[in-house]
Each structure stands twice: as structure tokens, then as C-alpha cells.
1. Residues being open to solvent by less than 30 Å² (accessible area, probe 1.4 Å), at negative phi and within 14 Å of chain A (Cβ to nearest Cβ): count how many of those fall in the range B:10-53.
2. Contact list please: Cβ distance under 8 Å, first residue in the range B:238-252 and more than 17 Å from residue B:216 (Cα to Cα) and in contact (Cβ under 8 Å) with a residue 60 or more places away in the chain, second residue open to solvent by less than 40 Å² (accessible area, probe 1.4 Å) and in a helix (DSSP H, G or I), pairs at least six apart or on different chains.
3. When you go through B:61, B:56 one by one, which is the residue that is surrounded by 17 or more Cβ atoms within 10 Å (Cβ to Cβ), in a loop (DSSP other than H, G, I, E, B), more than 14 Å from every other protein chain (Cβ to nearest Cβ) and touching a Ser or Thr at 6+ places or on another chain (Cβ under 9 Å)?
4. Looking only at the range A:191-200, filter to residues that are out of contact with any Ser or Thr (no Cβ under 7 Å at 6 or more places or on another chain) and facing another protein chain (nearest Cβ under 9 Å); which one of those is nearest to residue A:92 (Cα to Cα)?
5. Taking residue B:199 as meeting all but one of (1) closer than 20 Å to residue B:50 by Cβ; (2) of a type in the set (Gly, Ala, Ser); (3) surrounded by fewer than 20 Cβ atoms within 10 Å (Cβ to Cβ); (4) at pLDDT 90 or above, write down the number of the exception.
6. Please go through the range B:159-172 and pick out each residue that is more than 12 Å from chain A (Cβ to nearest Cβ) and touching a helix residue (DSSP H, G or I) at 6+ places or on another chain (Cβ under 7 Å).
7. Any idea which of A:288, A:261 is assigned to a helix (DSSP H, G or I) and either at pLDDT below 90 or away from chain B (no Cβ under 14 Å) (or both)?
Amino acid sequence: MTLPEVQSPVHQDAERPLEVVTARHPLRWLAAACVLVVLAMVASALVTNPAWEWDVVGQYLFAPSVVRSVLLTLELTVLGIGLGFALGTVLALMRLSANRLLSSVAWGYVWLFRSVPLILQLLFWYNLALLYPRLSVGVPFGPAFFDFGTMDLIGPLTAAVLGLALHQAAYAAEIVRGGLLSVDHGQREAAAALGLPPARRLFRIILPQAMRTIVPNAGNEIIGLVKGTSVVYIMALPELFYQVQVIYNRNGRVMALLLVAAIWYLILTTILSIVQHYVERFYGRGRA
Amino acid sequence: MSSMVELRGVHKSFGSLHVLRGVDLDVRQGQVLVIVGPSGSGKSTLLRTINHLEKVDRGSVRVDGDLLGYRQVGDRLHELPEREVLRQRTKIGFVFQAFNLFPHLTVRQNLMEAPLSAQRRPRTEVEPLAERLLARVGLADKADAYPRTLSGGQQQRVAIARALALEPKLLLFDEPTSALDPELVGEVLDVIKDLARGGTTMIVITHEIGFAREVADSVAFMDAGLIVELGPPAQLLDNPTHERTRAFLSKVL
């Protein structure tokens, strides 16, 4: 049997290399042009309309009262996330515990604090004195060692931090739990087989690997909370959103001041996104 | 010669699945035991009881005189606190089929982790130890690499070095070459052979019959949760007395 002669075009002209012509994408160019036009329209609408009052925006962007309110927003975010993830990690470990009481309590916490709206919870903590005029530390149903007036102990700032942190802890618990579960079981076994102490196993072997899953989700939560702190305005705390409202109620420049707030939220979240990128890269080390 | 490993009447069930059905086993110091058998015969579970990764339901496991996981008081066994179990485990090196190296730590850090944090040895002593062990498995130049950048064979050699870093009295290998590409099996078996010649006591689960013939002092055939037959490789591999052993060997040889 003979095979038909196959003439390969590649081999026809060995001395001259073949040129590659990239495909044209006319529709892609058209789409890009449309987007450009829309962008130009948006820019023109922002720049040419004097009602935006960019000069007022510039005037208030770095006003001391606004900067102070940005710092308070940051403080609330840091405390809310810090305490929230600390408690969330404890809850996640409780949830994964072999002890049924511990895991049930952790489940119940997440169920309760994910179910109650944050704003309602904030008002609840703020008004705790209505329920318990005095707080004391002591034996349950028995004698008390310390005793405080609730109003002295839980001011608006404490109530806000408490509310944000407890709310955040419920979400953080699920994120940390998901991260811990994402680590290959073999890692736990290898660590146990090597005789590593339990705390070392958690902090040196399991958590650093769980961070790969935790960080992107935690980034979402942190950025969410930066903006979420704006709900504490109901407690008259001078964070960013409350502060711009105070100012525009006084001078009537509503849109300009809302823009000031928007710009600050943009700056904060942009910085956080950049930080997140580097943190992810750190925890991704050793992975191709 | 003294017994390094001594199993008596070991039973283990997972739910309704009776995986180990009263296993007795003795491994003398310096001896190399190879366990063969069909999958699901309980080989891995047996090996895992020998460093207490699995608790036994009944029976006892002794390694180097330690009753693993328990303290005997009269005729009762009291569960040991985790700290004690971990101390017992540092005498036993375990090499997994899937390597289980810590991917976020460098090769050097993988090797140093257990001597530093489980045995609390000083860094000045552990660092040269890690270098020595890497040289021994032929990977001295990979100390600062991350495990994922290495081939499967190299990763398993690192895992062996990591197990050796505890300077264990007993090494357990759970199908150390089953996850490897065929051309990488040899380099890992060579390292294990080298250790065997050096007088390390070891138990190896493997399907590499040629390896068993060359290295083992004795070969055990396991089926349905029991050691069916145990003897020197020449006898068990070439002249098995049990029908089940014959049937299994005819399939793998």
C-alpha cells in the first residue's frame, strides 16, 4: 500500500521564515470607541456643570473637621475589624471544636449576629442602659466584684465599636472557618506526625495557609466596613458621613459635601486594595 | 534482639467498617519490614496506628517500649495528654504518599520545623543537621527552594529528610512512591535503600515487589484487616503458603 504524497506548505520554502499576521478585531475597536465617548460624556458632566461646586469640594476636602472625621472613621474600622477578626477567629476555632457545647455556642452566635441588622444592634448597645442601668462582674446569680453605671461605661464610641466588632465577628468567624477548612488535611496530619505542639500547628502551619483563602474575603469585609461605619451616624458620632451632613445642613452645599465624603471613601478603599494586593502576595509565597 | 515495634490484638473500625481485625506484629530493631496487600486491606490504617495518627479500638501498640497514646495502670489504659503523645511521636518518622510538605515554608524551614519546635533543639545545632540531611538525599542545592518548585521525586526526598530530622528510632513509609511518575520512583527508592543499609528500623508499605525482594528482612501480606502471612522475602514472594497471597502476587508480579 502506498500513501499519497503530502506536500506540507511549511516545508516548501525552508530558507524564508513565515510571517505571522495577527487577526483584526473591528468590533473590539468599535466597542472601545463607544466606551471612550461615554467616558468623555461623564467627564464633561462632572467638569462643566457648576452645580458640583468643585471649588467648595476643594475647600472642604482637607478642612480640619473633615480630616478629624476621616480619622474617626479609620479608628472605627480598625477597631471593628481588629476586634471582629480576633473574636471571629476564636468563634471559628470553637465551631470546629469536638466539644458540642463550644461548637453550638459558636453556631448560635453567628446565627444571631448575622440575622440582626447592624443599625438595630448599634441602637441596642447605645440604649443598653435602658435594660441594665448598672453592669457588674461577679458570680452568675451570686455576689458581684465590680459594678459600673452602664451610661459611664458604654458611651456612643464604645457602643459603636462594640456593635461593629460583634457584627463583624459573625462574618469573620465564617471566613476564618472557611479558610481553616480549605487547608489540605494532609498538612494537619504531617504536623501531628512530626509532633508539633497544637499552638505551633495552628499558627505556623495551618493559619498561614488558610490566609490564602481568608485574605481576599477579609479584604471585602474591611472595605465593606470602611463604608459600613457610616451607619453609626445615627449615634451622632462625628465620623465622615455624619460630619459632612453637619456641614451641609449648615451651608446647604449638599452635593459638594457628599462628593467630599465620596472622595475620602475612595481614597481609603484604594489604599486598602493596594495593601490587600501585597498581603495576598505574601501569603501566596511558595505557590506557582 | 529487642523489639522496636510490638502490636498485640489491634482492632480498628471506622463506623461499621472493621478495618483491622486483631493484628499482631513484631519488628526488631534494625529490621526492614515491607507490607504488601490489596487496597482496602488495612495496610495504611495499620501503619497509622503505629504513630497514633489513628487510635486503636482494642489491643496495644508499643514502639521502643512506649505504649502509644496510653498509660497502663493495673489492667486499665489511661489516655495520655496530647503533650505526651507528641513526645512519643518524635521517635517515629512518617513519610506520606502525598509528601505533605508545608508549601509556604522553604525546604530548609520544612526540615527545621520539628527539631526546633517539637524537640526544642537550638538553631545552631538544627541548621547544620538540615544541611547534612539534604546532602544525604542529594538535594543540598535546594535548601532555599519552595516545595512546589521541585519534582515529585525531589519533594518525597525532602519529606524523607524532614522525617529524619527528628532522628527517629523508627521510620514508617506509606506508599512513598505511589504518587510519583514512573521515572522518579528509582531516586526515592534509592534513598530508602540507603537508609535500610544504614540499619534504620523501618516499615514500608509498597507495591514495588522488586524493592521488597532487595531490601526487606521480612515481608508481610495483609488482607481483610489481618496479616495473612509473614516471612523472609524469598519465601513469601516466591513460595507463599496461603492461597490469598498467591492470588495477590500473581496479579502484581
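The values are calculated or read from the model by the stated rules, or taken from the named source; none is laboratory data. These numbers come from a predicted model, not from an experiment. Because the Cβ atoms are built from the backbone with ideal geometry, glycine has one as well, and the counts that use them run over all protein chains shown. Note: accessible area is taken over every heavy atom of the protein model, side chains too, but ligands, DNA and RNA are not part of it. Shrake-Rupley method; radii C 1.70, N 1.55, O 1.52, S 1.80 Å.
1. Within the range B:10-53, residues that are open to solvent by less than 30 Å² (accessible area, probe 1.4 Å), at negative phi and within 14 Å of chain A (Cβ to nearest Cβ) number 5.
2. Filtered contacts from the range B:238-252: B:252/B:209.
3. B:56
4. Within the range A:191-200, the match that is nearest to residue A:92 (Cα to Cα) is A:198.
5. It is condition (4) that residue B:199 fails.
6. Within the range B:159-172, B:160, B:161 qualify.
7. The match here is A:261.
Yes/no per residue for (1) in contact with a strand residue (DSSP E or B) (Cβ under 8 Å, 6 or more places away or on another chain); (2) closer than 26 Å to residue B:178 by Cβ:
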position: B:24; (1), (2): yes, no
position: B:27; (1), (2): yes, yes
position: B:49; (1), (2): yes, yes
position: B:63; (1), (2): yes, yes
position: B:74; (1), (2): no, no
position: B:102; (1), (2): no, yes
position: B:112; (1), (2): no, no
position: B:122; (1), (2): no, no
position: B:129; (1), (2): no, no
